[in-house]
Amino acid sequence: MARSAVLDLATWLHAADCTLPSSWETKVVDTLINKHIRLDVEGAPQTARLVDSAVPVWPLIGLYKVTHDIGVVAADCDVPVEVVQAAVMFYEQPDVRPVIDAKLAFAAS
């Protein structure tokens, strides 16, 4: 199966609240995150940036939380959809979400 077909399937299943076998989902998510996201400081998710452009992840997530549309975020930020998918998957990790949410709250204050 082509990489884009796997990502489309994973995105569709996620949107439909379907579950994948955890080992398969973990492998796809980890691969996508490692390809597109890097941390400036290890263990500090608020320092996450896109690999190709060095754009911080947290503003992308802020826009995604407002629009709930990966395509809109990709178009507005001029990055591929797959990169925004990686950023959202990174954000959805339980140890990352509260840190990014705190960064967004601080930036909004």
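Since every read-out is calculated from the coordinates, none of them should be taken as a lab result. The shown structure was predicted, so the numbers you read here are calculated from the model rather than taken from an experiment. A quick note on method: Cβ atoms are made from the backbone with ideal geometry, for glycine too, and the neighbour counts reach across all protein chains shown.
Scan around Ile37 for amide H atoms under 5 Å from its own, H built in the peptide plane at 1.01 Å from N, and keep only partners 5 or more places away or cross-chain.
Val51
How would Ile100, Ile70 line up from fewest to most surrounding beta-carbon atoms within 10 angstrom?
Numbers: Ile100 24, Ile70 19.
Ascending Cβ contact count within 10 Å gives the list Ile70, Ile100.
Once amide H atoms are built 1.01 Å from N in the peptide plane, which residues 5 or more positions from Ala48, or in another chain, come under 5 Å H to H?
Asp40, Val57
How large is ³J(HN,Hα) for each residue in region 87-102, as worked out from phi by the Karplus curve 6.51 cos²θ - 1.76 cosθ + 1.60 (θ = phi - 60°), to whole Hz, x for Gly and Pro?
5, 5, 5, 4, 4, 6, 5, x, 8, 9, 3, x, 6, 5, 4, 5
In whole Hz and in residue order, list the ³J(HN,Hα) couplings for region 54-64 that follow from phi through the Karplus curve 6.51 cos²θ - 1.76 cosθ + 1.60, θ = phi - 60°; x for Gly and Pro.
With the stated coefficients, region 54-64 comes to 6, 5, x, 6, 4, x, 4, 5, x, 5, 4 Hz.
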